[in-house]
Protein chains: 2
Amino acid sequence: VCTSGVFGDRFVDIIAAYGAQVVKLAADWGQPIEPAQLAEVLAANPDAGLVYLTHNETSTGVTNPLQGLARVARDEGRLVVVDAISSASSMALAMDAWGLDVVLSGSQKGWMAPPGVAFAAVGPRAWEVVERSRSPRYYFDWKSHRTWAEKGFTPSTPSVSTLFAVQEGVRMLREEGLEKVYARHRRIADATAAGLQAAGLTLLAREGYRSATVTSAVVPEGIEVEDLRKLLSSRYGVIIAGGRGTAKISARIVRVGHLGAVGTGDIVEVLWAIEQVLEELDHAPSDGRTLAAAQPLLTSLTEAVGTR
Amino acid sequence: VCTSGVFGDRFVDIIAAYGAQVVKLAADWGQPIEPAQLAEVLAANPDAGLVYLTHNETSTGVTNPLQGLARVARDEGRLVVVDAISSASSMALAMDAWGLDVVLSGSQKGWMAPPGVAFAAVGPRAWEVVERSRSPRYYFDWKSHRTWAEKGFTPSTPSVSTLFAVQEGVRMLREEGLEKVYARHRRIADATAAGLQAAGLTLLAREGYRSATVTSAVVPEGIEVEDLRKLLSSRYGVIIAGGRGTAKISARIVRVGHLGAVGTGDIVEVLWAIEQVLEELDHAPSDGRTLAAAQPLLTSLTEAVGTR
């Protein structure tokens, strides 16, 4: 299991709960896993059959180089299972072309629906393993889901209203076009990053690995994350996340989510509010530099992909 | 496992999937399990530690004598697990007083919310077993749910919108009062039964064991269940269920659901439409006898518990 944060660690817990032996490859907080690191771990663990990857780690705002990691795993004949919960439909992900065997996502992320439905896309090599598996399961028995799906049903009653919402989300994604959806997320992330830096925050993730769906940043010295969040929420109706996990740094970071039905206006609102709050906290005057820094990217976004 | 239909059988499948040895006590189609039958099976299987009961079997429209069955199991020192999915909050059920150790339900039934959330109420004797259990689990790990619940959270993202709907459902139940809710379901069931019989159908479940939330009946000879259902749906917008399970009789039954936010008007609509359709199918003239039979019960319902 390659883990670069809270959700990668959760993958470790899930797999361990079912009795599997787990080798953990952990990135430093805010850093990605590099393909070379994975190659080393695989060489040292010839018995490891499955490689678990987190595409986008929301706890740190890092997007791992999925294509490169998957290539290493596939070249070594391992199966690749991907947590794409907060990336699928918001960032490029090519299951077949990149050799991914299982891809997981959830209705409440890029699909723009409420939470309630998890998705598992399962490739042919993974089905072979499923057939051989003796691990007890009932509710999450993919074979049973496949059998019922062929008749247009599910094994038990699903969150039907969520599925209707997902259907509408998929319609919206098709209307906009996936390439435009990806570009919109990327530019909004870049604009958010530029704005937060101008506001005096330090980006947590390294350039080139910054998530397109969530931006994480360390708040300036002297600012308490909780004060910032409370003012944002109570005065401006803007909700951003604090840190996750036990690492010390998590108490110093904020995370701005920008996934799904997010447009330029949303991010303008958030960045403007952050600048106002930093002035209220006597950190820096509100002089418009935050939006000024984000502006060029937001403008090009509007021109390129519409105002959505 | 006491099973009186499709959902009892599913309980057998679930438990067997996790490697437990299952003793199955099956009622005939449309019949309940009697406490004396359970006492016999328990005497013959001294090692059986858990007794699984279906309170209300929706596939046959039978309500099992839960209190009596639980008493037998408790007197023999066994734990009692109850599928109360389609009964809890619609029919009387006293977890502590009746000695039930685990009670299960789902948001889409008497709670009047969309599907998406399952409920498990777990008593102290069941918690002891959970502590000892070595069966692998992650998502359905009740201990983890309990730990997070103490902090006001869930272990992972639940179907949040469904939970809000359940909250509103509980408010509605409290406003009406549970005793009135139970009475409303019982009288609507009795009115439905009287109406269906007057229309020429034969009730499947024996008197005294007829469900308060779903009424099952065998259609008259010469009538195809599918024809009846299609006409009801296309001409009158009334959707009733066909049979479930593999038994031959399931192709001959219909099931009228009347659970949750159901009132006298709903059942008048259904019974009236059934009479119209039976005339269209050249079975019997539409002369009003179906509603005439249901009328006294519906009137007393309106007087007793309001028109809801």
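The values are calculated or read from the model by the stated rules, or taken from the named source; none is laboratory data. Values in this document were obtained by computation on a predicted structure and should not be read as measured data. Cβ coordinates were reconstructed from backbone atoms using ideal geometry, including for glycine residues, and neighbour counts include every protein chain displayed. Surface areas here come from the heavy atoms of the whole protein model, side chains and all, with no ligands, DNA or RNA. Shrake-Rupley method; radii C 1.70, N 1.55, O 1.52, S 1.80 Å.
Brief remarks on what is shown
- Of all the numbered requirements in (1) on the phi > 0 side of the Ramachandran plot; (2) within 14 Å of chain A (Cβ to nearest Cβ), residue B:59 misses one, and that requirement is (1).
- Residues of region B:62-71 satisfying the condition of being open to solvent by 10 Å² or more (accessible area, probe 1.4 Å) and part of a strand (DSSP E or B): B:63
- Qualifying position, being in contact with a Phe, Trp or Tyr (Cβ under 8 Å, 6 or more places away or on another chain) and either within 30 Å of residue A:281 (Cβ to Cβ) or in contact (Cβ under 8 Å) with a residue 60 or more places away in the chain (or both), among A:212, A:217: A:212
- Number of positions in region A:128-140 that are at pLDDT 95 or above and open to solvent by less than 50 Å² (accessible area, probe 1.4 Å): 2
Residues are listed down the side, and each one gets a yes or a no for (1) part of a helix (DSSP H, G or I); (2) of a type in the set (Phe, Trp, Tyr); (3) open to solvent by 30 Å² or more (accessible area, probe 1.4 Å):
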site: A:9; (1), (2), (3): yes, no, yes
site: A:21; (1), (2), (3): no, no, yes
site: A:36; (1), (2), (3): yes, no, yes
site: A:41; (1), (2), (3): yes, no, yes
site: A:60; (1), (2), (3): no, no, no
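- Set B:90, B:86: member being within 13 Å of chain A (Cβ to nearest Cβ), under 18 Å from residue B:211 (Cβ atoms) and small (Gly, Ala, Ser): B:86
- Complete set of residues in region B:236-258 that are out of contact with any helix residue (DSSP H, G or I) (no Cβ under 7 Å at 6 or more places or on another chain) and open to solvent by 50 Å² or more (accessible area, probe 1.4 Å): B:237, B:246, B:248, B:249, B:257
- Residue tally, condition open to solvent by less than 10 Å² (accessible area, probe 1.4 Å) and closer than 17 Å to residue B:262 by Cβ, over region B:201-213: 3
- Residues satisfying the stated conditions in region B:103-127, i.e. free of Cβ contacts under 8 Å to residues at least 24 places away in the same chain, among the small types (Gly, Ala, Ser) and open to solvent by less than 40 Å² (accessible area, probe 1.4 Å): B:105, B:106
- Considering residues of region A:141-165 that are open to solvent by 40 Å² or more (accessible area, probe 1.4 Å) and of a type in the set (D, E, K, R) only, the residue nearest to the other protein chains (Cβ to nearest Cβ): A:143
- In the set B:126, B:121, only one residue is under 29 Å from residue A:141 (Cβ atoms), away from every other protein chain (no Cβ under 14 Å) and under 21 Å from the mean Cα position of the chain (by Cα); that residue is B:121.
- With respect to the conditions (1) closer than 19 Å to residue A:31 by Cα; (2) free of Cβ contacts under 8 Å to residues at least 12 places away in the same chain; (3) of a type outside the set (A, V, I, L, M), residue A:233 lacks only one, and its number is (1).
- Selected residue (criterion: farthest from the other protein chains (Cβ to nearest Cβ)) from residues of region B:23-34 that are open to solvent by 40 Å² or more (accessible area, probe 1.4 Å) and part of a loop (DSSP other than H, G, I, E, B): B:34
Okay, residues lined up against (1) closer than 21 Å to residue B:272 by Cα; (2) in a loop (DSSP other than H, G, I, E, B):
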site: B:128; (1), (2): no, no
site: B:131; (1), (2): no, no
site: B:144; (1), (2): no, no
site: B:190; (1), (2): yes, no
site: B:193; (1), (2): yes, no
site: B:196; (1), (2): yes, no
site: B:223; (1), (2): yes, yes
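- If the condition is being among the β-branched types (Val, Ile, Thr), over 17 Å from residue A:48 (Cβ atoms) and open to solvent by less than 20 Å² (accessible area, probe 1.4 Å), then region A:72-100 contributes no residue at all.
- When residues in region B:146-183 are screened for being over 27 Å from the mean Cα position of the chain (by Cα), part of a helix (DSSP H, G or I) and under 27 Å from residue A:113 (Cβ atoms), 2 of them pass.
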